[in-house]
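Scroll down for the structure; my scribbles are underneath it.
The values are calculated or read from the model by the stated rules, or taken from the named source; none is laboratory data. Quick caveat: nothing in here was measured; it's all calculated off a predicted structure. Please note: Cβ atoms are built from the backbone with ideal geometry, for glycine as well, and neighbour counts cover all protein chains shown.
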């Protein structure tokens, strides 16, 4: 199958862009717990941030919780990178394409769940108080998280469609 030059270039650019965005996200996600300033925090959790600042244990817990959505995003970037690498080699509908798209969908789906879990856990960490022996549990689910769930499910479906199309193509080529 001849390699499409535009697809090869677009794949290379997407790989560079996605890894750059991933590095920036890791840096910002890490630095927000170092500075612990409201300007660095996501809008969904700023309202729950204590006025007196964050304690050391809250910063450490926040950083650990930050790694939950980062892990899902990193998995998604690795899968996207493998899809783009296949496109760069000219493998549009190879045997692994459907599986890769299903994995990409799972990653996006996990990212939506991880984002909701992140907001919920961060609110719990921000509101936990040993003196009061109290904690606030707030469920953080944004429209963007819902969109991630929908898009992730659609991508998983696309992977199944790609696998079925490949199976039908192989079946038809055996008859001719």
| task | Kindly check whether there is at least one residue in the stretch 124-138 that is more than 24 Å from the chain's Cα centre (by Cα), in a helix (DSSP H, G or I), farther than 27 Å from residue 108 by Cα and modelled with pLDDT under 90. | result | yes
| Which residues, counting only those in the stretch 39-48, are within 20 Å of residue 25 (Cβ to Cβ) and in contact (Cβ under 8 Å) with a residue 24 or more places away in the chain? | 42, 44, 45
| field | Pairs where the first residue, in the stretch 119-132, is more than 12 Å from residue 57 (Cα to Cα) and the second is modelled with pLDDT of 80 or more and outside any helix (DSSP H, G or I), C-beta under 8 Å, 6+ apart | value | 119/142
| In the stretch 75-93, what residues are modelled with pLDDT of 90 or more and more than 15 Å from residue 14 (Cα to Cα)? | 75
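Quick check: is even one residue across the stretch 35-52 at pLDDT 85 or above, touching a helix residue (DSSP H, G or I) at 6+ places or on another chain (Cβ under 6 Å) and surrounded by 13 or more Cβ atoms within 10 Å (Cβ to Cβ)?
Filtering the stretch 35-52 for residues at pLDDT 85 or above gives none.
So far as the stretch 35-52 goes, no, none of its residues is at pLDDT 85 or above, touching a helix residue (DSSP H, G or I) at 6+ places or on another chain (Cβ under 6 Å) and surrounded by 13 or more Cβ atoms within 10 Å (Cβ to Cβ).
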| message | Suppose we filter 159, 152 for residues that are part of a helix (DSSP H, G or I), at pLDDT 75 or above and either more than 32 Å from the chain's Cα centre (by Cα) or under 25 Å from residue 66 (Cβ atoms) (or both); which single one remains? | response | 152
| task | Please find, among 66, 91, the residue that is at negative phi, in a helix (DSSP H, G or I) and surrounded by 15 or more Cβ atoms within 10 Å (Cβ to Cβ). | result | 66
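Every residue, every condition in (1) closer than 20 Å to residue 4 by Cα; (2) in a helix (DSSP H, G or I); (3) without any contact (Cβ under 8 Å) to a residue 60 or more places away in the chain, yes or no:
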{"position": "70", "(1), (2), (3)": "no, yes, yes"}
{"position": "75", "(1), (2), (3)": "no, yes, yes"}
{"position": "79", "(1), (2), (3)": "no, yes, yes"}
{"position": "82", "(1), (2), (3)": "yes, yes, yes"}
{"position": "85", "(1), (2), (3)": "yes, yes, no"}
{"position": "99", "(1), (2), (3)": "no, yes, no"}
{"position": "103", "(1), (2), (3)": "no, yes, yes"}
